[in-house]
């Protein structure tokens, strides 16, 4: 028996247990309940064992950010493989605004408000969130450029920023403040209208430019 491998598996199992407990804690009680004692009680473990795996709360919440990010990534990848290249942007819009029935958003979105609040005093978490949201923005820019080649780089960047910030604000209202999920459709239609307005402007500008060149 490989003792080292067994110990590593046990350690990963305990860390997953701690991360799941922290997710439940932040989802139901928010950041004010975030402490080693509360996490240990939720996980059914000793405070000393939680501290063994995480030296401080910063380390725990940063790893939780990565853990939940992987969960989102897995759902996205599962959905993307089922759609064609041109349809990926539509899937992204459906998923991030709660309209992808076969690939629903995880039921822990309240945690992200806790992340943002904690990041005010944590450089490590702020940097991690910045990187993750910037990566998502780059993906949205890429998908916008594929779906709407008439949009220039600046338009795709602007729309990407609006998409990501609107998505985060939307779930703060729907998940944390418990606005009804019927607002998912409202937000989904709004992002469509926003993109359409940029596309129409791009087409109109291109037409005017071509008209000027033909004179």
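Nothing in this text is a laboratory measurement; each read-out follows from the coordinates by a stated rule. Not measured: the values here are computed from a predicted model. No Cβ is skipped: glycine too gets one built from the backbone with ideal geometry, and neighbour counts run over all protein chains shown.
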Inset, instruction - Rounded to the nearest 500, what is the 222 nm mean residue ellipticity of the chain from helices alone, with -39500 (n - 2.57) per DSSP H run of 4+ residues and division by all residues? - result: -25500 deg cm²/dmol
Legend entry - Counting all C-alpha pairs of the stretch 1-125, share separated by more than 22 Å (%): 46 percent
Legend entry - q = 0.15 Å⁻¹, the chain: log10 I(q)/I(0) [Debye, one scatterer per Cα]: -1.03
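Rank these for me by crowding, 95, 161, going from fewest to most other beta carbons within 10 Å. Intermediate results must be reported in sequence, preceding the final value.
Details: 95 20, 161 14.
Starting with the residue having the fewest Cβ neighbours, the order is 161, 95.
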Inset, instruction - Over every pair of different alpha-carbon atoms in the stretch 108-178, take the mean of 1/r and invert it; report that Kirkwood radius in Å. - result: 13.3 Å
Inset, instruction - Mind giving me the FRET efficiency for residue 178 and residue 81? R0 is 30 Å, r the Cβ-Cβ distance, nearest 0.05 is fine. - result: 0.35
Legend entry - Rounded Å value of the spacing that divides the Cα centres of the stretch 114-168 and the stretch 42-111: 16 Å
Legend entry - Cα convex hull of the stretch 28-100 - mean projected area over all directions, nm²: 6.5 nm²
Legend entry - FRET E, pair residue 166, residue 135, Förster distance 22 Å, beta-carbon r, rounded to 0.05: 0.80
Inset, instruction - Using only the alpha carbon atoms of the stretch 70-125, find the Kirkwood hydrodynamic radius as the inverse mean reciprocal pair distance, in angstroms to one decimal. - result: 12.7 Å
Inset, instruction - Write down Rg/Rh for the stretch 109-150, rounded to two decimals, with Rg from the C-alpha atoms and Rh from the Kirkwood relation over Cα pairs. - result: 1.19
Inset, instruction - Tell me the label-point distance for the pair residue 51, residue 20, using the 7 Å Cα-to-Cβ offset, in nm and rounded to one decimal. - result: 2.6 nm
Inset, instruction - Two decimals is fine: what is log10 I(q)/I(0) at q = 0.10, 0.11, 0.25, 0.26 Å⁻¹ for the stretch 126-215, from a Debye sum with one equal scatterer on every Cα and no solvent? - result: -0.35, -0.41, -1.21, -1.24
